[in-house]
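First the structure, in the form of structure tokens, and then the observations on it.
We did not get these values from a lab; they are worked out from the coordinates using the rules stated. Quick caveat, the model's predicted, so the values are computed rather than measured. Counting neighbours? That spans all protein chains shown, and the Cβs are built from the backbone with ideal geometry, glycine included.
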Amino acid sequence: MAVSDDAAAIVVLPCSGLDKEAGSASREIALLLSDRGVPVVCPVLYERSPKRYEKELGSRRLLVIDGCKTGCASKLAAEKGLTISKKLTVTEAARMLGVEPGKDLRLGEALRERLPQMAEQLAKTETAPPASAADTGNAYETAVTYRELTVDKFKFRVPEAGYFFNENDCWARVADGRARIGVSDYVQQSASDMIFFEPPAIGAEITIFDEAGSLETTKTALDIISPVSGKVSAINDAVVEAPELINEDPYERGWAVEIELTDFDSDRGLLMDSPAYFEYLKEKAEKEHERLYGDR
Amino acid sequence: MGEARVYVIPCSGIGKATASVGRDATFQVIEDLRPDTTDTLCLSLLTMGDEEAVAKVIGNKVITIEGCAKDCARKNVEASGTSPDISHRVHEFLKEHRDLKPETVLDTGEGGRKLAEVLAEKVAQEVDELAGSQNRPGE
């Protein structure tokens, strides 16, 4: 089969795919994309021989497929400092298509029939131009693309657009009068493994720069300093259950609190947009690196 | 730790028809032939150093099945601090059964399916031997 324009621009990293039916589906989706000319990265071989995939990973946008919530492929990508353009978790995607993945290792017909749709959706969504917050019903679902800041051996991701930051490295993603807030990639890497998230109460009134929950990591404890003012309208229960989501995916699945905005126009003047934060972080991270490691 | 099991661990099987045969054979052993004495685990978990997965391979008998000579499954078990009790390469079985050539990675075809059955039968016998020794004290 000829390589399409889309296929020429992407590379896919699935998990090993042995976590019951969903795992098998992960691998199978990757192979369906492979059949269309998309290079597939074997996660195990990549871990052992990263140079083998250097060219593809350096020149294409990365799609990641996790079979289950353990998220091995995502973890591997994060560990290797790869920028994920789009990811798919089979268990969640299958449920959205009306199929509950089973416990058998083998693929059942119901799930197998939906794999081409999942593969298509994964590739299509990733290659489509990003929608703006104004023209989507749920801007939180808009694909996020990232810039990467390298300081010595450290790599920090910053969304290319659509996020606002305060100087405490906390972000807000605004949509339809609300904002999801969380901490940046820089925070999660500096603070190490998240082990507890203590959220604020639903309905609590929060003013910009107030605490909006706290985090405890293996190294330290820190507050989430709200970049916006308003009323707490939702808590990310997934992060309460598994705070490591912040380490894995700080800007998307790792959001902490949703706030119903009261005066974002005013808040906005005190925040940095994504490009400004990138420059701010560059200076901050370089200074911190110099402080810790000197001119070695 | 739960009841002792023999862990049959194939490679991830990305890109090679022989690797798909190894996975198919694993599924047959785990789900059809020896469901009470075997299990598998996701190789990615070992790659990522998952403690529970590492404990399983260290605390139980292990058979690895490789789709190619890179031996990713065996190497990852070894990286976890132990060695597989038995390690297979699908190619070795293919040499003995040249008429059972797998076709593609997505569909191994009739030959590939039969080769997986041959391999699964062999592994199931090995499971019986390993399970027997695993359950004998002092071994």
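Efficiency by 1/(1 + (r/R0)^6): what FRET value for A:E279 and B:D107, r their Cβ-Cβ distance, R0 = 60 Å, to the nearest 0.05? It comes out at approximately 0.70. Annotation: the antiparallel percentage among DSSP beta bridges lying fully within the protein assembly as shown is about 60. Working note: Karplus 6.51/-1.76/1.60 with θ = phi - 60° gives region A:30-35 the couplings 4, 6, 5, 5, 4, 5 Hz, where Gly and Pro are set to x.
The label-point distance for B:A4 and A:K219, in a model that sets each label 7 Å from Cα toward Cβ, rounds to 4.3 nm. Please enumerate, by chain and number, the aspartates and glutamates with C-alpha under 17 Å from the C-alpha of A:K155, excluding those fewer than 8 residues away in the same chain. The reachable aspartates and glutamates, counting only those whose Cα sits under 17 Å from A:K155, are A:E54, A:E79, A:D169, A:D185, A:D193, A:E248, A:D249, A:E279, A:E283, A:E286, A:E288, A:E290. Per-residue mean of foreign Cβ neighbours for B:10-23 is 5 (Cβ atoms of other chains, 10 Å radius).
Mean partner shielding of peptide B:102-108, defined as the number of other chain Cβ atoms within 10 Å of each residue Cβ, is 2. Peptides B:97-110, B:67-80, B:14-27 ranked from most to least packed, by the mean per-residue count of other Cβ atoms within 10 Å: B:14-27, B:67-80, B:97-110. In chain A, the DSSP-assigned H stretches of four residues or longer account for a calculated mean residue ellipticity at 222 nm of -10000 deg cm²/dmol, using -39500 (n - 2.57) per stretch and the full residue count as denominator.
Other residues within the sphere of radius under 13 Å centred on the Cβ of A:I259, judged by their own Cβ, net out at -4 (K and R +1, D and E -1).
You can think of it this way: the chain between A:E160 and A:R147 has 4.1 nm of extra reach, that is 0.36 nm per residue less the Cα-Cα gap. Measuring nothing but how far apart in sequence close Cα pairs (under 8 Å, 6+ apart) lie, relative to its length, chain A scores a relative contact order of 14 percent.
Residues whose amide H lies under 5 Å from that of A:R61, counting only those 5 or more places away or on a different chain, are A:I10, A:V11; hydrogens are built 1.01 Å from N in the peptide plane. Mean partner shielding of peptide B:75-85, defined as the number of other chain Cβ atoms within 10 Å of each residue Cβ, is 1. A Cβ-based charge dipole, computed about the Cα centre of the protein assembly as shown with Lys and Arg at +1 and Asp and Glu at -1, lands at about 1480 debye.
With a Förster radius of 45 Å applied to the beta-carbon distance between A:L270 and A:S59, the computed FRET efficiency rounds to 0.70. Please compute the modelled spin-label separation between A:I202 and B:I58, points set 7 Å along Cα→Cβ, answer in nm with one decimal. About 4.3 nm, to one decimal.
Distance from the alpha carbon centroid of region A:11-59 to that of region B:29-97 works out to 19 angstrom.
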